[in-house]
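Q: Quick one: the structure is below, questions incoming.
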Amino acid sequence: MKVKRFIGQNMESTLQRVREEMGRNAVILNQRRIRPGSGLMKLFKKPVYEIVAATDEMGLGEGIPIKDTDDGYVALEEKLDRLKATMDTIANSITLADKDREIPEMLAPYHSAMEKSEVDPEVIHMVMEGVKNKINLNTTYDQEYIYYRFKQEISSYFKRVETIKLSDGKPAVAVFVGPTGVGKTTTLAKLAAHYSVIMKKKVGVMTCDTYRIAAVEQLKTYSEIMDVPIRVIYQKSDIEEAMQQYKDMDLVLVDTAGSSYRDKMKLMELNKMLKALGDQQLFLVISASTNYRNVMEILSSYSFLKNYKVLITKVDENVSNGIILNIAVKSGKPLSYITTGQSVPDDIEKVDGERIASLILSDR
Ligand SMILES: Nc1nc2c(ncn2[C@@H]2O[C@H](COP(=O)(O)OP(=O)(O)OP(=O)(O)O)[C@@H](O)[C@H]2O)c(=O)[nH]1
Ligand SMILES: [Mg+2]
């Protein structure tokens with residue numbers, strides 16, 4: 001005997017299907033209207049009709065009475081029970097998996113603050129895991145403590161902050177490279193003023209940006225105000241001459257022409273110039289208002305540079321400080337300074353991990 005269960009939206013259509021599939025000789029073993037909300041029926045939103053029908057290969061006659069205790073029917077019920085148990089187990093494990101993915105309530109405000117600051121989801125995940133590993137999720141902590149943990153976790157990505165290092169004997173050479181208009185020249189002027197006027201060091205300036213007359217004039221103006229010498233580099237041999245002139249300086253700051261990170265020729269030219277400069281501290285300048293996809297492209301275009309530090313400008317113009325953390329993690333390079341406005345020399349500061357962490361978490 002073949003027993004089958006049919007589910008339909010009303011009795012007529014369900015019976016119709018029984019006849020179509022099992023033939024006119026099908027015997028109705030049971031029929032009922034089921035309300036949703038129990039067992040497998042949870043799957044249906046509206047009440048449904050269930051018909052259990054049977055046929056015999058030999059052909060059961062029409063009109064055989066409904067048999068609730070038929071062997072086939074009992075076996076079917078058992079099968080359904082097993083199926084329901086399996087479904088319950090699956091549903092249970094899905095809920096558990098969901099729970100694993102859930103963000104513990106006490107950490108949620110920090111997760112959403114990082115999202116609002118546009119921290120890369122991958123980086124958010126790293127920070128969340130870092131915090132989770134340092135606390136006991138079954139304990140309730142003071143919110144101040146959780147805030148402290150997040151601040152520490154985010155700051156840990158800024159441990160390798162490297163600014164200009166002066167050395168004894170020979171001048172330290174700091175070179176600024178990066179896309180056009182990010183603030184290389186302005187930043188150089190800020191640092192020149194800081195070291196010469198505030199720290200009373202001997203500072204010399206060089207510019208390799210001879211593409212635009214305005215660029216040379218811009219730096220000459222700053223140099224005059226600060227009373228620091230400036231040399232314009234037109235060809236490789238000018239570098240040697242300038243270094244000779246600057247041999248007693250504490251610091252030589254070198255400005256370069258901004259180049260589109262897609263302009264391979266210009267990047268190759270830049271690379272030749274950097275080689276000619278010899279020992280140097282290299283700073284890749286990136287504006288915080290660059291969109292994240294372009295930042296990733298910039299990092300990849302400048303990957304021919306070795307051992308550079310990242311300098312992030314225009315943090316004042318930027319609304320989502322997550323970009324600073326994203327750059328720190330994705331570049332894998334030490335950060336150095338951030339600049340926070342157009343004012344020379346005031347608007348520059350050394351990267352402070354805790355301060356950046358506070359900015360990122362401020363919207364919690
Ligand atoms: N808001 C803001 N503006 C800045 C900052 N730093 C530089 N700028 C401005 O950005 C503009 C470009 O600055 P530059 O220093 O000429 O940029 P650059 O990278 O040397 O440009 P190129 O030499 O053309 O590649 C200027 O108007 C600066 O005043 C900053 O931290 N914040
Ligand atoms: Mg410039």
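Q: Return yes or no: is Leu277 within 16 Å of ligand 2 (Cβ to nearest atom), closer than 13 Å to Val177 by Cβ and aliphatic (A, V, I, L, M)?
A: When the stated conditions are applied, Leu277 does not pass them.
Q: Something else: Output the number of residues of the stretch 324-344 satisfying the condition of being more than 14 Å from ligand 1 (Cβ to nearest atom), part of a helix (DSSP H, G or I) and buried (at least 21 other Cβ atoms within 10 Å of the Cβ).
A: Final tally of qualifying residues: 4.
Q: Any residue at all in the stretch 282-303 that's touching an Asp or Glu at 6+ places or on another chain (Cβ under 7 Å), buried (at least 22 other Cβ atoms within 10 Å of the Cβ) and part of a strand (DSSP E or B)?
A: Within the stretch 282-303, not a single residue is touching an Asp or Glu at 6+ places or on another chain (Cβ under 7 Å), buried (at least 22 other Cβ atoms within 10 Å of the Cβ) and part of a strand (DSSP E or B).
Q: Quick check, is Met114 over 30 Å from Phe304 (Cα atoms), away from ligand 2 (no atom under 16 Å from the Cβ) and either in a loop (DSSP other than H, G, I, E, B) or in contact with a Pro (Cβ under 8 Å, 6 or more places away or on another chain) (or both)?
A: No.
Q: While we're looking at this one, here's another question. Of all residues in the stretch 211-262, which are hydroxyl-bearing (Ser, Thr, Tyr), surrounded by fewer than 16 Cβ atoms within 10 Å (Cβ to Cβ) and more than 11 Å from ligand 2 (Cβ to nearest atom)?
A: Let us first name the residues in the stretch 211-262 that are hydroxyl-bearing (Ser, Thr, Tyr), namely 211, 221-223, 234, 237, 246, 256, 259-261.
Imposing the further condition that a residue be surrounded by fewer than 16 Cβ atoms within 10 Å (Cβ to Cβ) reduces the set to 211, 221, 234, 237, 260.
Matches in the stretch 211-262: Thr221, Tyr234, Ser237, Ser260.
Q: Which of (1) surrounded by fewer than 23 Cβ atoms within 10 Å (Cβ to Cβ); (2) touching a residue at least 60 places away in the same chain (Cβ under 8 Å); (3) assigned to a helix (DSSP H, G or I) does Ile356 not meet, given it meets every other one?
A: Only one criterion in (1) surrounded by fewer than 23 Cβ atoms within 10 Å (Cβ to Cβ); (2) touching a residue at least 60 places away in the same chain (Cβ under 8 Å); (3) assigned to a helix (DSSP H, G or I) is unmet by Ile356, namely (1).
Q: Okay, moving on. Could you list all residues from the stretch 214-255 that are within 12 Å of ligand 1 (Cβ to nearest atom) and more than 20 Å from Leu274 (Cα to Cα)?
A: Scanning the stretch 214-255 gives Ala214, Glu217, Gln218, Thr221, Tyr222.
Q: Go through the stretch 257-271 and give me each residue that's in a loop (DSSP other than H, G, I, E, B) and at pLDDT 85 or above.
A: Within the stretch 257-271, Ala257, Gly258, Asp263 qualify.
Q: On to the next question. Take Asp363 and decide whether it is in a loop (DSSP other than H, G, I, E, B), more than 16 Å from ligand 2 (Cβ to nearest atom) and closer than 22 Å to Tyr195 by Cβ.
A: no
Q: Then there's this: Considering only the stretch 275-304, state which residues are away from ligand 1 (no atom under 16 Å from the Cβ) and among the aliphatic types (A, V, I, L, M). Give the steps one after another, and end with the answer.
A: First pass over the stretch 275-304, keeping only residues away from ligand 1 (no atom under 16 Å from the Cβ): 275-281, 291-293, 296-297, 299-300, 303-304.
Correct list: Ala276, Leu277, Met296, Leu299.
The values are calculated or read from the model by the stated rules, or taken from the named source; none is laboratory data. Here the structure is a predicted model, which means the values were calculated and not measured. Counting neighbours? That spans all protein chains shown, and the Cβs are built from the backbone with ideal geometry, glycine included.
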